[in-house]
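Here the structure is laid out as structure tokens; the discussion comes afterwards.
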Amino acid sequence: MFTGIVEDVGTVVSAHHSARGGAICVASRQIAEGTRVGDSIAVCGACLTVREVSREMMTMDIMPETLRTTTLSKLKRNDAVNLERAMTGAGRFGGHLVTGHIDTVGTVTHMRSEGNARWLCISLPDTRFVAHKGSIALDGVSLTVSSVGPQSAWVSLVPHTTAHTTLGTQHVGRRMNVEYDILARYCERILAHTRGTPTTTEMLERNGF
């Protein structure tokens, strides 16, 4: 599990992709220090397992499913990537619960500035899982939804976010990994099985309430 608070922006050293899967090597001294083989690292929001680690670099395999459903298949040498290590039980919970399991890929459609904030609108195939003032993770960054449309959502970026993540270099047309709030996923799953069913004590107990 992650929190969506990016620890460092790493640099892609190498990236290899094929129909059988792929691998990526990322340089980041900050993240590599203390990281062990088998640890989980969120790379632009996608949870990957470390296969090799040195003083400054980490190599991670990428499954075919991950290549199909994220932007990792487009990464190339020298690209910047948001990095976050898995959270610890003793750490601060600065963002929201982020699993590293990407739901969809959205496209930046509009950008504008307002004072010290930068507004960003991203297209989404479905906004059922997005709530006004709720949480969303874009390329692994925990953000608050400012407004929701039929197929889009707006977020507002503070200066720290634009300075310390890849969101500061986004542009219209850029594709981004999107992870919806995990609570929305489970609520939708429950509702899919209970639509048309009267709300009773037995029904609530059967669904874990």
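The values are calculated or read from the model by the stated rules, or taken from the named source; none is laboratory data. Bear in mind the structure is a predicted one, so any value in this text is a computation, not a measurement. Virtual Cβ from ideal backbone geometry, glycine too; neighbours counted across all protein chains shown.
It is to be established whether one or more residues within segment 4-19 are hydrophobic (A, V, I, L, M, F, W, C) and out of contact with any strand residue (DSSP E or B) (no Cβ under 8 Å at 6 or more places or on another chain). Checked segment 4-19: at least one residue is hydrophobic (A, V, I, L, M, F, W, C) and out of contact with any strand residue (DSSP E or B) (no Cβ under 8 Å at 6 or more places or on another chain).
Hey, among the residues in segment 118-137 that are part of a strand (DSSP E or B) and either buried (at least 16 other Cβ atoms within 10 Å of the Cβ) or outside the structural domain of Val178 (by TED's automatic domain parsing) (or both), which one's farthest from the chain's Cα centre (by Cα)?
Arg118
The listed residues are Val98, Val37, Val53, and the only one of them that is farther than 18 Å from Gly140 by Cβ and buried (at least 20 other Cβ atoms within 10 Å of the Cβ) turns out to be Val53.
Every residue, every condition in (1) modelled with pLDDT under 95; (2) in contact with a Phe, Trp or Tyr (Cβ under 6 Å, 6 or more places away or on another chain), yes or no:
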| site | (1), (2) |
| --- | --- |
| Glu84 | no, yes |
| Thr88 | yes, no |
| Gly91 | yes, no |
| Gly95 | yes, no |
| His110 | no, no |
| Ala117 | no, no |
| Leu124 | no, no |
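Each residue in segment 155-209 was checked for being in a loop (DSSP other than H, G, I, E, B), of a type in the set (Lys, Arg) and at pLDDT below 95, and 1 pass.
Being in contact with a strand residue (DSSP E or B) (Cβ under 9 Å, 6 or more places away or on another chain) and either under 24 Å from Ala90 (Cβ atoms) or not aromatic (Phe, Trp, Tyr) (or both) narrows it down to one residue among Glu52, Glu33; which is it?
Glu52
Looking only at segment 16-40, count every residue that is basic (Lys, Arg) and closer than 14 Å to Arg68 by Cα and tell me the total.
1
Just so you know, in segment 32-49 the residues that are among the aliphatic types (A, V, I, L, M) and over 17 Å from the mean Cα position of the chain (by Cα) include one that is farthest from Thr11 (Cα to Cα), and it is Val37.
Can we say Glu52 is modelled with pLDDT of 95 or more, within 16 Å of the chain's Cα centre (by Cα) and in a strand (DSSP E or B)?
No.
If you check Val108, Val145, Val81 for being touching a His at 6+ places or on another chain (Cβ under 8 Å), within 30 Å of Gly22 (Cα to Cα) and part of a strand (DSSP E or B), only one passes: Val108.
Exactly one residue out of Ser18, Ser40, Ser73 is in contact with a His (Cβ under 7 Å, 6 or more places away or on another chain) and either of a type in the set (Ser, Thr, Tyr) or modelled with pLDDT under 95 (or both), and it is Ser73.
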